[in-house]
Amino acid sequence: MRICFTGARIIDPSRQLDRQLDLLLAEGKVAALGENLPKDGARVIDLSGKIIVPGFVDLHVHLREPGYESKETICSGLSAAAAGGITSLACMPNTAPAVDRAEVVEQIIARAEQAGLGRVYPVGALTRKREGRQAADFASLYGAGVRAFSDDGSPVEDSRVLFSIFKELSRFDDVVVLAHSEDLSLSRGGVMHEGRWSKLLKQPGIPAVAESIAVARDILLAEAAGIRLHLCHISTAAAVEWVAWAKAKGLPVTAEVTPHHLLLTDAAVERCGALAKVNPPLRTEEDCTALRKALNSGIIDIIATDHAPHRSEEKELSLLEAPFGITGLETAVPLLLSELVNKNLLTLPGLVEAFSCRPARLLNLPAGTIKPGAPADLTVLDLNAPFVVEPQRFYSQARHSPFTGWQLTGLPVMTVVGGKIIMKEGVVSRASKF
């Protein structure tokens, strides 16, 4: 099917493009951009007043399948992604079985293709069963197309083991390690940031240094091994300083930040209880400010959701008993548009760069651009549309959020994958193929 979008402002930082143009899609790809394009045989869709951007790319998502389908499935997670304007995602390996061999990768890809709702790139485990002792079958995983590796949620505690793994992975081309940087000897048993609020709420805390000391270790080991390192969900001002140090040295180190670490502080735990229990924990206002500044300056490279769904009854438990994690796929873009872009804390091209163009480049994905010949993966935004966070309407199976009731302005109103409209006005529909 040929589709011609007219009337929209097109923003594509990968091409320094910000203009009102027609956009023609054909055979699942971007066919042409220009003024008054020929529309013969095309379905014409007027998007006056809207903005077209490259589809958002989320490099940190927990789809839970295989093994934890009661929390999320590949289909429900991809539906949530489509509703949130996300066209491509990398899914983390903490499944059962873990993504430590090619067979699991192939299973995930097959389920994603069957869902027909977006592009999925499995992240391989660093260690067998994510137990932190023996390297995973890297040759098998690499042969299955895996280029990113992580034991996310279970950092490798033994530095000697991690260094050996880094050196082994350095022999493969275009590989990146996605590091969950946490010193478990300092964080174990904690449920929230260690500080004023943990004392007031009488809850065991996780000190900021548990992150920064691990970030420093991971950077130094990666430098010694000659491996590309991506630091997941950094949450502290001290971690930002280490990333800045690594970049100043010219090391191949990148970093990500989540919407919840940009917008919430540890004070949210008093109001939201376990709905605000995440790992790393929500930090202080000073940390939030440092993260926002680092995102604007490019010290932090990308935004990722760390979508970590759980059953509602699990998140209704006490802080001590409830699991860490937040639902993020459907709220990320509306939150970032309303709370950062519309408040002039981040430019719209800056958001697209951090949540589409750079993530695609980081994993060398065929995404993050609207150039002719590229896959037609697009998101249409309405910066003036009202949106209320109502978890009961989520496509994700995890229908809860610390942002419940927030009244926002700006959201994705259409998601296109492979030239097919997957979501329109909040309604997701499966594509047979893209």
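Read-outs: derived from the displayed coordinates by stated rules, not from any lab. Remember, it's a predicted structure, so these values are computed and weren't measured experimentally. Every residue, glycine among them, receives a Cβ derived from its backbone with ideal geometry; neighbour counts consider all protein chains shown.
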Inset, instruction - Only Cα pairs under 8 Å and at least 6 apart count here; give the relative contact order of the chain as a rounded whole percent. - result: 20 percent
Inset, instruction - Normalising by the residue count of the range 188-316, find the relative contact order in percent from Cα pairs under 8 Å and 6+ residues apart. - result: 26 percent
Legend entry - Built amide H within the under 5 Å cut-off of ALA179, gap 5+: HIS230, LEU231, CYS232
Legend entry - Distant-in-sequence amide H partners of ARG283 (H built 1.01 Å from N, under 5 Å): ASP266
Inset, instruction - Beyond 22 Å between alpha-carbons counts as too far, so tell me which of LYS249/LYS293; LYS293/LYS371; LYS129/LYS167; LYS199/LYS277 fall in that bin. - result: LYS293/LYS371
Legend entry - Ascending count of other beta-carbon atoms within 10 Å, so fewest first, for GLU27, GLU241, GLU106: GLU27, GLU106, GLU241
Legend entry - Rounded FRET efficiency, nearest 0.05, which uses the C-beta distance separating LYS202 from ALA26 and R0 of 60 Å: 0.45
Inset, instruction - Multiply the residue gap between THR404 and ARG128 by 0.36 nm, knock off their C-alpha separation, and tell me the result in nm, one decimal place. - result: 95.6 nm
Inset, instruction - Just report the Cα centroid separation between the range 379-402 and the range 64-138, whole Å. - result: 23 Å
Inset, instruction - Kindly provide the helix-only [θ] at 222 nm of the chain, computed as the sum of -39,500 (n - 2.57) over DSSP H runs of four or more divided by all residues, to the nearest 500 deg cm²/dmol? - result: -7500 deg cm²/dmol
Inset, instruction - Return the distance in nm (one decimal) between the two label points of a simple spin-label model at ARG188 and GLN16, each offset 7 Å from Cα along Cα→Cβ. - result: 5.3 nm
Inset, instruction - Can you spot the aspartates and glutamates whose alpha carbon is less than 16 Å from LYS39's alpha carbon? Ignore those fewer than 8 places along the same chain. - result: ASP22, GLU27
Legend entry - Crossing angle, helix 209-225 versus the chain [Cα axis fit, 0-90 degrees, rounded to tens]: 80 degrees
Inset, instruction - Just name one of ASN296, PRO309, PRO280: the one whose Cα is farthest towards the positive end of the charge dipole of the range 240-321 (beta-carbon charges, Lys/Arg +1, Asp/Glu -1). - result: ASN296
Legend entry - the range 179-206-the range 209-224 distance, computed between alpha-carbon centres (Å): 19 Å
Inset, instruction - Calculate one ³J(HN,Hα) per residue across the range 250-257 by plugging θ = phi - 60° into the Karplus curve 6.51 cos²θ - 1.76 cosθ + 1.60, and present them in order as whole Hz with x for glycine and proline. - result: x, 6, x, 10, 10, 8, 10, 9
Inset, instruction - Report the extension gain between SER159 and LYS293 in nm, rounded to one decimal, defined as 0.36 nm multiplied by the number of residues separating them, less their alpha carbon distance. - result: 45.1 nm
Inset, instruction - Using only Cα atoms, tell me the angle between helix 74-83 and the longest principal axis of the chain; keep it within 0 to 90° and round to the nearest 10. - result: 60 degrees
Inset, instruction - Select one label from (i) 0.99; (ii) 0.93; (iii) 1.15: the one whose number is Cα Rg over 2.2 N^0.38 Å as derived from the coordinates shown. - result: (ii)
Legend entry - Only Lys, Arg (+1) and Asp, Glu (-1) charged, at Cβ; the range 55-362 dipole about Cα centre in debye: 340 debye
Inset, instruction - Please order TYR68, TYR121 by the number of other Cβ within 10 Å, starting at the fewest. - result: TYR68, TYR121
Legend entry - Amide proton proximity set for TYR68, modelled H, under 5 Å, gap of 5+: ALA96
Inset, instruction - Would you mind checking the tilt of helix 159-169 against the longest principal axis of the Cα atoms of the chain, expressed as 0 to 90 degrees and rounded to 10? - result: 30 degrees
Inset, instruction - Describe numerically, in nm with one decimal, the distance between label points set 7 Å from Cα along Cα→Cβ at ASN384 and at ARG271. - result: 2.9 nm
Inset, instruction - Would you kindly derive the ³J(HN,Hα) couplings of the range 294-299 from the backbone phi angles with the Karplus curve 6.51 cos²θ - 1.76 cosθ + 1.60 (θ = phi - 60°), listing them in order in whole Hz, with x for Gly and Pro? - result: 5, 5, 5, 8, x, 5
Legend entry - Segment TRP245-GLU286, extension gain: residue separation times 0.36 nm, minus the distance between their alpha carbons: 12.8 nm
